[in-house]
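Taking it in order: structure first as structure tokens, then the write-up.
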Amino acid sequence: MRARRVAVVDDFAEDDRVAVYAEDGMVLVLSEVASATWSALSDDWTEAEDVSAVLVHTFGPPGGGLEAIDATHATLLALADHGLVELAEA
Amino acid sequence: MYGAGASELARAVEVAWDWCLDDAPGEPTHRLRLLLERDQKALAANADSHDLTETQLSTMMDRLSPAITRLALTERAGSLAMFHACALADPTSGRSAVLFGPSGAGKTTLARTLGTEFCYLSDETAAIDGSRVLPYPKPLSILTDANASLKQQLSPTQLGLRHAEGPFELAGLLQLCRDPGHRGEPLVDELDTMEALVELVAQTSYSRQMERPLHRLAELARSVGGVRRVTYAEAAHLAPVVRSLLEGAA
């Protein structure tokens, strides 16, 4: 999987959180993990593995026996559901 | 203004909008063509060439207020931060509080109730240019008769509201949360920046047209020590809260 940001009106980061003003007019305040994921992405395609590495470096491995890449995929899918990122097969 | 009711309409507008009249108007950027005509045939024949047409003065005045507000907002879209808010100022210092919230939050009631102690800047839109609050002292829409279906457009003068020349500096941003069931003193909470941004954007006109709106709103919030939310039942109970905000003590 690879991901990239979609165009947004604005995004604002403070402490470990990001608020994103989406083109549909909604302002979404992202969780810490989603914020770090957003910050790891750009307008260019980024491999999910690279995002996963950033998240593990920042937060450590995910708990509950979950693989880091699976947790990353879930976060990326959630961001895509909110219209903030675009996904493609690697 | 056109139609048999044109003179009557002109007088009513001059009275209701007296705080907004420009002593030295330049070339207008917009014109609203208004037709007040009780003759239904004449009205129908000329409706297409007018922006607002009515047979009754009260209805025309009721429709005119939001029409003017919409034009003003559109004209300044992107250049000003324009909140759906009541704005009040300290008569001596000019420090101003912007009390924002959706329809029904009590903005007009607050303006009417507190605008005799504090200076009335607006009951509808608080426009911020840099750190300055620009007054929009439009008439207040008041239900003067419980049986009436239309509100009356009453001038701040008619309501005895307090006026000041300005300039007006932004001193506080307060989100209104009116709860008729709330008991006791108003409850004031501080919003963290992220929560404040969500609430501010929801009550900002044309925020999408602003350059980096989240950054601009965050900076505005930071400039006044953050955004607060007040839960209250009665407008009069907010006087000490607004006073504290304007004194910088809140």
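Just so you know, all these numbers are worked out from the coordinates, no wet-lab data involved. All figures in this text were calculated on a predicted structure; none of them were measured in a lab. Heads up, the Cβs are rebuilt from the backbone with ideal geometry, glycines too, and the neighbour counts pull from every protein chain shown.
Here are a few things to note about the model shown:
- Label-point separation, residue B:42 to residue B:236 (7 Å along Cα→Cβ), nm: 4.7
- Take B:11-24, B:133-146 and order them by the average number of nearby Cβ atoms within 10 Å per residue, most first; the result is B:133-146, B:11-24.
- Label point distance in nm, residue B:70-residue B:8, each placed 7 Å from Cα along Cα→Cβ: 2.5
- Cα centroid separation, the stretch B:165-213 to the stretch B:231-250: 14 Å.
- Virtual paramagnetic centre 7 Å along Cα→Cβ of residue B:243, amide N under 14 Å, in the stretch B:165-203: B:186
- Projecting the Cα atoms of A:58, B:135, B:202 onto the dipole axis of the protein assembly as shown, where Lys and Arg carry +1 and Asp and Glu carry -1 at the beta carbon, places B:135 farthest toward the positive end.
- The ranking of B:204, B:59 from fewest to most other beta carbons within 10 Å of each one's beta carbon is B:59, B:204.
- Taken along the Cα-to-beta-carbon direction at a fixed 7 Å, the label points for residue A:59 and residue B:149 span 5.6 nm.
- Size descriptors for chain B: radius of gyration and Dmax over Cα atoms are 19.1, 61 Å.
- Ascending count of other beta-carbon atoms within 10 Å, so fewest first, for B:84, A:82: A:82, B:84
- Summary of the geometry: the stretch B:69-102 and the stretch A:38-74, compared by the centres of their Cα atoms, lie 43 Å apart.
- From phi via Karplus (6.51, -1.76, 1.60), per-residue ³J(HN,Hα) for the stretch B:218-233 in Hz, x at Gly/Pro: 5, 5, 4, 4, 4, 5, 10, x, x, 9, 10, 10, 10, 9, 8, 10
- Charge dipole (the protein assembly as shown, unit charges on Cβ, about Cα centre) - positive-most of B:232, A:71, A:36: B:232
- Taken along its three principal axes, the alpha carbon spread of the stretch B:59-192 comes to 41, 41, 28 Å, from the longest extent down to the shortest.
- The mean count of C-beta atoms from other chains within 10 Å of the C-beta of residues in A:26-32, rounded to a whole number, is 3.
- Counting other Cβ atoms within 10 Å as a rough exposure proxy, the listed residues B:110, A:87 run A:87, B:110 from fewest neighbours to most.
- Compared with the dominant principal axis of the Cα atoms in chain B, helix B:57-75 is inclined by about 60°.
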